[in-house]
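One structure is given here, and the rest of the page talks about it.
The values are calculated or read from the model by the stated rules, or taken from the named source; none is laboratory data. Quick caveat, the model's predicted, so the values are computed rather than measured. Please note: Cβ atoms are built from the backbone with ideal geometry, for glycine as well, and neighbour counts cover all protein chains shown. Surface areas here come from the heavy atoms of the whole protein model, side chains and all, with no ligands, DNA or RNA. Shrake-Rupley method; radii C 1.70, N 1.55, O 1.52, S 1.80 Å.
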Amino acid sequence: MRAVVKSSPEFGIDIKDVPMPRIENEDHVLLEVEACGICGTDLHFYEWAPQAKDFITLPRVIGHEVAGVVHEVGKNVQGFRVGDRVVTETWGGCGDCYYCRLGKFNHCVTQTRIGQQADGGMTDYLIVPAVSLYKIPPSIPMDQATLIEPLGVALRAMERITMKPGDHVFILGPGPIGLLAGLLSMQNGASTVSILGLKSDHLRLKKAKELGMKTFVLEEESAESMMNQINHGHGPEVVIETSGARAGFQLAIDIAKKGGSIGLIGLPPKSEVDVSKLVSKELDIYGSWRRLPSTWYRAIDLIANKKIDVTSLITHVFDVDDAEKGFELLHAKEAIKVIVKPKKKD
Ligand SMILES: [Zn+2]
Ligand SMILES: [Zn+2]
């Protein structure tokens with residue numbers, strides 16, 4: 001089967017034939033892939049960004065934003081049958097460690113992540129633990145279903161922060177996670193949603209504007225000038241950092257209203273911030289890591305009930321053989337969300 005493979009520690013990806021995987025653990029299922037989104041993490045692997053080597057073992061079939069159909073189930077699997085339409089968590093919670101026993105699978109101590117330490121979904125089939133699967137209703141098309149995973153990332157931050165109807169929300173980073181956080185904030189009763197990007201993010205900022213968000217360009221504004229334009233000059237009650245830029249957290253501290261709340265999703269390099277300001281402004285800081293099982297159910301229901309429309313974020317669809325084009329477009333910031341599909345699904 002054809003697959004998008006990260007073979008070597010350098011710029012680029014390979015499209016090559018790999019053997020079809022087999023079930024070796026009876027708690028696992030063989031999933032037939034219908035669609036797989038390209039995530040920012042996958043782009044880091046393509047670019048071989050400095051942090052990439054810490055997240056992946058090579059060679060590896062990449063892709064973790066997978067939607068598909070159960071093709072075969074291990075003997076121990078209950079609750080899933082051949083033909084079930086599903087999305088999958090990006091690792092298998094071991095079920096036994098302290099955090100798994102608390103239901104906090106996002107903090108499991110032995111995570112083997114698909115597309116990173118286990119083969120991923122930019123191909124025809126992959127193996128996943130049954131515990132990772134969530135069924136999706138027929139009302140969610142497979143392309144949209146690939147957005148449930150990133151929606152879950154944004155939603156987890158929204159579950160953590162304190163936000164009330166009427167709050168003003170400010171989002172750093174107009175990538176898919178930032179845009180999804182914006183849509184969730186609107187759904188959650190925000191008075192205004194603002195989103196900040198770079199000049200080079202013009203396509204994404206244009207999309208944000210179409211979706212009803214106010215947009216700012218970093219090169220054209222200071223923290224003060226943005227604050228003056230939000231919430232009568234007092235700044236946003238809620239700031240969500242999705243960019244992972246070194247300066248993102250400091251900017252969030254600078255722009256937030258006193259007593260406001262900051263949700264951190266992006267993973268920046270180590271950076272210093274003005275802790276005194278954080279203290280004196282009485283800001284609440286919420287780290288946010290992946291998703292909980294409950295987040296999956298909420299994300300699925302939000303899309304199934306058409307409360308969040310993810311379709312407009314999908315700008316390109318390629319089959320596996322042409323997947324490199326999708327990576328090139330994302331690298332050039334000429335795409336928002338790119339979906340990769342096995343060729344037979346044309
Ligand atoms: Zn992802
Ligand atoms: Zn565990």
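Data overview
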{"item": "Residue in the range 75-88 that is touching a His at 6+ places or on another chain (Cβ under 6 Å) and either among the small types (Gly, Ala, Ser) or within 15 Å of ligand 2 (Cβ to nearest atom) (or both) present", "result": "no"}
{"item": "Every residue from the range 130-155 that is open to solvent by 30 Å² or more (accessible area, probe 1.4 Å) and not aliphatic (A, V, I, L, M)", "result": "135, 137, 138, 139, 141, 143, 144"}
{"item": "Scope the range 26-46; condition loosely packed, with under 13 Cβ neighbours inside 10 Å and in contact (Cβ under 8 Å) with a residue 60 or more places away in the chain; matching residues", "result": "none"}
{"item": "Residue in the range 104-124 that is nearest to ligand 1 (Cβ to nearest atom), counting only those that are touching a Pro at 6+ places or on another chain (Cβ under 8 Å) and open to solvent by less than 30 Å² (accessible area, probe 1.4 Å)", "result": "123"}
{"item": "Residue ID - farthest from ligand 1 (Cβ to nearest atom), chosen from residues in the range 85-99 that are at pLDDT 90 or above and not hydroxyl-bearing (Ser, Thr, Tyr)", "result": "97"}
{"item": "Condition check for residue 83: open to solvent by less than 60 Å² (accessible area, probe 1.4 Å) and part of a loop (DSSP other than H, G, I, E, B)", "result": "yes"}
{"item": "Flag for residue 335 being open to solvent by less than 40 Å² (accessible area, probe 1.4 Å) and more than 30 Å from residue 165 (Cα to Cα)", "result": "yes"}
{"item": "Given (1) part of a loop (DSSP other than H, G, I, E, B); (2) within 16 Å of ligand 1 (Cβ to nearest atom), index of the condition residue 67 fails", "result": "(1)"}
{"item": "Selection from the range 62-80 of residues that are open to solvent by less than 10 Å² (accessible area, probe 1.4 Å) and either closer than 24 Å to residue 326 by Cα or among the aromatic types (Phe, Trp, Tyr) (or both)", "result": "62, 63, 64, 65, 66, 67, 68"}
{"item": "Condition met for residue 113 (basic (Lys, Arg), within 30 Å of residue 82 (Cβ to Cβ) and in contact (Cβ under 8 Å) with a residue 12 or more places away in the chain)", "result": "yes"}
{"item": "Test: residue in the range 217-234 that is within 27 Å of residue 148 (Cβ to Cβ) and surrounded by 15 or more Cβ atoms within 10 Å (Cβ to Cβ)", "result": "no"}
{"item": "Those residues of the range 112-147 which are out of contact with any Lys or Arg (no Cβ under 9 Å at 6 or more places or on another chain) and more than 14 Å from residue 31 (Cα to Cα), in sequence order", "result": "112, 113, 141, 144"}
{"item": "Sole exception among (1) polar (S, T, N, Q); (2) modelled with pLDDT of 95 or more; (3) within 15 Å of ligand 1 (Cβ to nearest atom) for residue 76, by number", "result": "(3)"}
{"item": "For residue 57: the one exception among (1) more than 16 Å from ligand 2 (Cβ to nearest atom); (2) crowded, with 20+ Cβ neighbours inside 10 Å; (3) of a type in the set (Val, Ile, Thr)", "result": "(2)"}
{"item": "Strands (runs of 3 or more DSSP E) completely within the range 267-344 that count 1 or more residues being within 22 Å of residue 239 (Cβ to Cβ)", "result": "284-287"}
{"item": "Checklist (1) modelled with pLDDT of 95 or more; (2) within 17 Å of the chain's Cα centre (by Cα) applied to residue 127, failing item", "result": "(2)"}
{"item": "Those residues of the range 125-157 which are in a helix (DSSP H, G or I), more than 16 Å from ligand 1 (Cβ to nearest atom) and within 20 Å of residue 37 (Cβ to Cβ), in sequence order", "result": "142"}
{"item": "Residues of the range 1-14 satisfying the condition of being surrounded by fewer than 16 Cβ atoms within 10 Å (Cβ to Cβ) and either within 16 Å of ligand 1 (Cβ to nearest atom) or of a type outside the set (Ser, Thr, Tyr) (or both)", "result": "9, 10, 11, 12, 14"}
{"item": "Search result, residues across the range 174-198 that are open to solvent by 10 Å² or more (accessible area, probe 1.4 Å) and either acidic (Asp, Glu) or within 19 Å of residue 315 (Cα to Cα) (or both)", "result": "175, 176, 177, 183"}
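Rundown of residues vs (1) crowded, with 21+ Cβ neighbours inside 10 Å; (2) touching a residue at least 12 places away in the same chain (Cβ under 8 Å), yes/no style:
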position: 262; (1), (2): yes, yes
position: 269; (1), (2): no, yes
position: 279; (1), (2): no, no
position: 292; (1), (2): no, yes
position: 305; (1), (2): no, no
position: 317; (1), (2): no, yes
position: 321; (1), (2): no, yes
